[in-house]
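The values are calculated or read from the model by the stated rules, or taken from the named source; none is laboratory data. Being a predicted model, the structure only gives us computed values, none of them experimental. So basically every Cβ, Gly included, is an ideal-geometry build from the backbone, and we count neighbours across all protein chains shown.
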Amino acid sequence: MDWLLDLRIKGQRLKARALGQHLRIGITGLSGAGKTAFITSLINQLLNPNAAPKLPFFTVMPNRYFGAKLLESETSDCPRFPYEQNLAAIQAKTWPVSTTGWSQISLMLRYQSTDFLAGKLKNYSELQLDIVDYPGEWLLDLPMLQQEYDRWCQQMWLLLDQPERADLVAPFKAQLANVDLQNADDWSLQQLSDAYAHLLQGLRTQHAAVLLQPGRLLLPAELAGTPLLWLFPLLPKQLNADTPLSVRLKRQFVNYQQRVIKPFYQDYFAGLDRQVVLVDCLGALNQGFAVMQETQQALMQILQSFRYGPTSFLGRLFQPKIDKILFAATKADLLTPEQHRNLTLLLQQMLQQPLQDNRYQRTQTEALALSAVVTSEFGVVETPEGSQPCIRGTDRNGQLRTLFPGDVPISMPSQLLFSHHQFAFPQFVPQGLAVDGLLPSQRLDQALEFIIGDALQ
């Protein structure tokens, strides 16, 4: 009778959405942006009503917020987000394991409504939050839905042919140049796809490259070893004629769109009500001009894949749109406080076009510098030149470091600046839980207020 249970669950969800008691929140970000830490910290704060003193801008606290509980998983085919394991890792002063597959977790929030009738008729109101986690690598595939194979090949070779990547790309390029275009058998496709996947891994580890497609070649999960991942870009000059190899790769590209990317989008993104876009600006600055440019390009392409704008009553039920987006620059704790404004301005400049597009679509937007899990302490040291702001934290080698991490540019830095200056923002490990069981955070209260504050009225 599984179909009856499924029907009952869908009916309950539809009712909650109709009454405005259900929100599906998408935490969007490239690999390394901090999605897992953000979700873990958000849940940690919501499960603890005593978090009120540390969340002053989350206005439902302390008087109207009664708390939250984790809901039981509704379906057996959806892995549960490992909240407890992630929290234990942070408590042990290590970062959680990186996301390698998709998962979901749901919370039920209880609060006192400000509505006069609701407040009189009910002791409390409820809001269900659904939060989905997934590898950032998979997110990179969404722009491929708007492309054809030939155009995708040309775009990928624009990225692969960058001079600083030549040594790493040269072997695969030579392998492609000598390939028999008349041979499109399985073994040839598998060999070339494996070589391309190896190249993508090398570009990520050695050059911190961002816009690497298909993303499933980096993290295949349940698709490992399947023909769906036999995909790679031919050289532009090899696309001039319809050879057996190019014809088959075009079919492979369409199969990947229809059987991998579209289900991923429909299952996790088509029903989003709110969105948080996490960006690791500091990590991109550390890697240099090319990575900054590529990060900006990837984010702008990804954001074009979502439906934005206000939605009606029926729209909420059958064709939801994202009506609020929070753009968040993560890891703000790796800066001294006076640099947080610069970080926010840099984020706004990086995403200037998406911000303008969303305003045009009447979507509410906000930009914020935050830290979901604070790893440092702020202080001031006296030097011969005067007082100097600094931060102190423990690096990955277990060494306690005190330093001024540097200034953040307020706009996209030029290639000339990178040639004269090397950014070196630190990486620290977590400090663990506070004595009250809460993860230390910065501006998570403002993030919560913007994303769900209006739904708790």
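A single member of THR375, THR330, THR383, THR363 is more than 27 Å from LYS93 (Cβ to Cβ), under 23 Å from the mean Cα position of the chain (by Cα) and polar (S, T, N, Q), and it is THR363. Looking across the stretch 161-176, the residues that are part of a helix (DSSP H, G or I), in contact (Cβ under 8 Å) with a residue 40 or more places away in the chain and closer than 20 Å to GLU294 by Cβ come down to GLU164, ARG165, LYS173. Among the numbered conditions (1) touching a residue at least 40 places away in the same chain (Cβ under 8 Å); (2) of a type in the set (Gly, Ala, Ser); (3) under 21 Å from GLN191 (Cβ atoms), the only one that GLY225 does not meet is (1). Restricting the search to the stretch 68-91, which residues are closer than 19 Å to LEU47 by Cβ and surrounded by fewer than 16 Cβ atoms within 10 Å (Cβ to Cβ)? Matches in the stretch 68-91: LYS69, LEU71, GLU72, SER73, ARG80, GLU84, GLN85, ALA88, GLN91.
Scan the stretch 397-413 residue by residue and report those that are surrounded by 12 or more Cβ atoms within 10 Å (Cβ to Cβ) and either over 25 Å from GLY432 (Cβ atoms) or of a type in the set (A, V, I, L, M) (or both).
LEU403, GLY406, ASP407, VAL408, PRO409, ILE410, SER411, MET412, PRO413
Among the residues of the stretch 365-396, count how many are among the polar types (S, T, N, Q), outside any loop (DSSP other than H, G, I, E, B) and buried (at least 16 other Cβ atoms within 10 Å of the Cβ).
Count: 3.
Residues considered: LEU370, LEU355. Of these, the only one that is touching a residue at least 60 places away in the same chain (Cβ under 8 Å) and under 23 Å from the mean Cα position of the chain (by Cα) is LEU370. Within the stretch 218-234, work out how many residues are exposed (fewer than 14 other Cβ atoms within 10 Å of the Cβ) and either among the aliphatic types (A, V, I, L, M) or touching a strand residue (DSSP E or B) at 6+ places or on another chain (Cβ under 7 Å) (or both). Residues that pass the stated criteria total 2. Hey, among the residues in the stretch 184-202 that are in contact (Cβ under 8 Å) with a residue 40 or more places away in the chain and surrounded by 13 or more Cβ atoms within 10 Å (Cβ to Cβ), which one's farthest from MET292 (Cα to Cα)? Looking at residues that are in contact (Cβ under 8 Å) with a residue 40 or more places away in the chain and surrounded by 13 or more Cβ atoms within 10 Å (Cβ to Cβ), I get ALA184. Taking the condition closer than 30 Å to GLN349 by Cα, out of contact with any strand residue (DSSP E or B) (no Cβ under 8 Å at 6 or more places or on another chain) and surrounded by 15 or more Cβ atoms within 10 Å (Cβ to Cβ), does ASP445 pass? Yes: the conditions hold for ASP445. Of VAL179, VAL210, all but one fail to be of a type outside the set (Ser, Thr, Tyr), in the same structural domain as ARG259 (by TED's automatic domain parsing), surrounded by fewer than 18 Cβ atoms within 10 Å (Cβ to Cβ) and not in a helix (DSSP H, G or I); the exception is VAL179. With respect to being at pLDDT 95 or above, acidic (Asp, Glu) and touching a Gly at 6+ places or on another chain (Cβ under 7 Å), ASP280 fits the description. Close contacts from the stretch 244-258, counting a first residue that is touching a residue at least 12 places away in the same chain (Cβ under 8 Å) and a second that is assigned to a helix (DSSP H, G or I) and surrounded by 19 or more Cβ atoms within 10 Å (Cβ to Cβ), with Cβ to Cβ under 6 Å and a gap of 6+ residues or different chains, come to LYS250/TYR149; PHE253/TYR149.
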